[in-house]
Structure formats: C-alpha cells, structure tokens
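Taking it in order: structure first as structure tokens, then the write-up.
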Amino acid sequence: MRQQAYPAHEQLLFGSGLTMVAGALDAYSYLEHGEVFAGLQTGNLILLGINLGKLQVAVVGRYLTAMIAFMVGTMMIRGLQHLLEKKVGHLQTTVLWIELVLLISVAITTSILPDIAITALLSLTAAAELQAFRQLKGTPFTPLMMTGNFRTLAESLFDGIRYRDRAARTKATDTLTVMGSFALGAAIVGMLSKTLRGFTVIIPIIIVIALIVWLRQQTQQRRWKH
C-alpha cells in the first residue's frame, strides 16, 4: 500500500520528524539539565538504581521527578484522547501544539528554573508525544524507545533476505529511517550544545513547528480531494 493511503500522522516522513524530536529532547535534557532523560524512562530507572547502589541519594529526586512527570503527561493526554475521540485528526494537531507550548516554556525559563523543573516540562512533552502517536503506516510505533525498533529491524532484515519478503524489506527500510532520525536529532543537539547550551531546545521547537505546518497542509489537501 502506498504511503499516501495512510493518515498524515502515520506517514514515514511525519514519524521520522517525531523521532527526531524525541532524540533531540533526550540529548538536550541529558546534556543541559542534569543528565536526566526526557523520554527514555528505562534509562532514568537504570540511573536511579545505580545512584541508589552508590548511596548517592541526593540525585535520586531528579530521576523520580522525570518519571512522575512522564506518568502525569501520559494521563493528561489519555484524558484528551477520550475527549477528542470522535474528532478525527484533532488529537494529533492538539498534542503537537501542547508540545510546542511546553518547549517554548522551556526556552523561556531555561536559565531561570532549576534543572529538575525543566526536566519535568521536557518529560511532559515526551509523554504527550508517545501517548498520541502510536502507529506508523498502520503498525505499532514508538518515537521514543529504539530497543523495539532494533528488534523490528533485525527481524525484518532476516525475513526480507531469507524469505525474499518485499514487505519485510520495506519495513526494515522504514525502521532504519526512523532510527536514523532519532540519532540525527540527538546529533544536532550534541553538535550545537556548546554554542547554544540551554537554548539548544530551539532544535525540537523548529521540528515541531514544521510538523504542525506539514500536518495542516496534508489535512487540507485530503479535504480538497474529498
């Protein structure tokens, strides 16, 4: 099935943009705000355990804050999903605007608020994205966590080569694109962090704006065709 047959928010280009945002958020929060991940809560849980094992209790709060904020963000978007469940297309646009407002808030307060508060805002942002965008081309998708994508890539490559499965090869290409986008988002933040420091958050802000514009254009084109 051609990519155009899927809703705009399930297309590969859009999904790649989402993963680029996710990679940028995790790199930014880790480099600029206390070595805490915005979205990768598995990483935060590991760091929490390591610091507890070293009896470094003073830093435990930063990881707990990120995890609790992530859960709160998930519950907020879950409520929004129920509220907008009959309004097709409204949820994705609304969540992108929520992300944008949160990221702009981070940009404004990055040199004012403590790292723990900034991390909470970033975790809310990451949770909103993960909860609202769950499919790519009609199949399960996560823009935040790449472990499952590594498994999908390996499985698809095996099936594509061993069984000459064209769909599996396409899946492998799509997954590799998504993973590359995640790494690219992190790489751009890493490259600019020494120059922009706390204001490197402008990178995910720009990407989210681009996603809002693109989604709006795709939605309008779809309406004109019908």
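With a simple spin-label model that places each label point 7 Å from the Cα along the Cα-to-Cβ direction, the separation between Thr42 and Arg166 comes to 3.3 nm. Computed in the context of the full set of protein chains, the accessible area of region 57-198 at 1.4 Å probe radius has 67% of its extent on carbon or sulfur. Each residue was assigned an accessible area with a 1.4 Å probe, and for Ser105 the value is about 40 Å². Helices assigned as whole DSSP H runs in the chain whose Cα atoms extend at least 30 Å along their own long axis and whose mean Kyte-Doolittle hydropathy is 0.5 or higher are found at 60-83, 166-196, 202-225.
Other residues with beta-carbon under 11 Å from the beta-carbon of Thr110 carry, at +1 per Lys or Arg and -1 per Asp or Glu, a net charge of -1.
Restricting region 123-177 to trypsin sites (Lys or Arg not before Pro) that sit in a DSSP loop and have at most 10 other Cβ atoms within 10 Å of their own Cβ leaves Arg164.
Positive contributions from Lys and Arg (+1) and negative ones from Asp and Glu (-1), summed over other residues with Cβ under 11 Å from the Cβ of Ala126, come out at -3.
Around the Cα centre of the chain, unit charges on the Cβ atoms of Lys, Arg, Asp and Glu (plus for the first two, minus for the last two) sum to a dipole of about 760 debye. Distances between placed amide hydrogens fall under 5 Å for Leu136 paired with Phe141, all partners being 5 or more residues away or on another chain.
Of the residues Trp214, Trp224, the one with the largest accessible area comes first in the ranking Trp224, Trp214, computed with a 1.4 Å probe on protein heavy atoms. Note that region 70-126 presents 54 Å² accessible area per residue, ligands and nucleic acids not counted, probe 1.4 Å. The share of accessible area on region 1-41 that comes from carbon and sulfur is 57 percent, using a 1.4 angstrom probe. Comparing Cα centroids, region 52-131 and region 13-30 end up 14 angstrom apart.
Ranking Ala210, Thr200, Val178 by how far each Cα lies toward the positive end of the dipole of region 72-214 (charges on Cβ) leaves Val178 at the top. Accessible surface calculations at 1.4 Å, restricted to protein heavy atoms, place region 1-59 at 46 Å² per residue.
The values are calculated or read from the model by the stated rules, or taken from the named source; none is laboratory data. The shown structure was predicted, so the numbers you read here are calculated from the model rather than taken from an experiment. Heads up, the Cβs are rebuilt from the backbone with ideal geometry, glycines too, and the neighbour counts pull from every protein chain shown. Heavy atoms of the whole protein, side chains included, go into the accessibility calculation; ligands, DNA and RNA do not. Shrake-Rupley method; radii C 1.70, N 1.55, O 1.52, S 1.80 Å.
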